[in-house]
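First up is the structure itself, then whatever we jot down about it.
Bear in mind these aren't lab numbers, they're just calculated from the coordinates by the rules spelled out. Just so we're clear, the structure is a prediction, and the values are computed from it rather than from any experiment. Here Cβ is always computed from backbone atoms with ideal geometry, including for glycine, and neighbour counts include all displayed protein chains.
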Amino acid sequence: MAAVLTIDLADVDRYADALNAAAKTIVTGDVVEAREVIGPIAFERWEGRLRYAAKAGSSSDTVERRARDVTDRIRAQVFLRDEMACTYCGGRCIPRNVLVAFSELFPRELPYHPNYRRGAIHPMYWALAPEADHTLAHARGGTGDIANLTTLHTMCNARKSDSLLTELPTVDRPEHVVGWDGLLDAYPSIVALGNSHGRRHAAAGYHRRWLRHFSQESV
Ligand SMILES: [Zn+2]
């Protein structure tokens, strides 16, 4: 196991590239090759200090249940509208449900924890999973309308905390990856292979629900 304490844009690319390559082999059904392809990022554990930024409910809430005024359907539409890129750092995003499918297929190599517990979750969740963040913070009167929501990596969202995005330092944005779909195209194949080879993290119907959210026409 490799303890990871910080994440930067190079890590976003490293994780996205490895998972993109793995997805290409997974759609052919080759789980052995896919395991090899994720080798460079396997067995990493997040041990850093980022805290989840969305308003917490009770301590038993999972990360996914927070920010209650935004539905999963709206989240999916925000991510699609923003072309699966973080509007702060410009890096590629992979939706959490797709990462969970990878974790189900490779539970030891790419561990998942629903509360993002330090030492128990792969840093790819912080680096790649997008949040639908309020542009104008909830506390400053912002609503959960799609127009007030923007796609941010979980790590970028945590760094933003409840300040306005314009108050953050600017970053050198990577070139926009045209046609990046957050691996949604491969998602059904990853889920299917996880069902036959892996271990389930998600409740029954979880992946089916997200597939439906992402297939909705955007508003
Ligand atoms: Zn970002």
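Extension gain, ALA203 to ALA10, is 66.2 nm, computed as 0.36 nm per intervening residue step minus the present C-alpha separation.
If R0 equals 35 Å, the separation of the Cβ atoms of VAL32 and SER215 corresponds to a calculated FRET efficiency of about 0.70.
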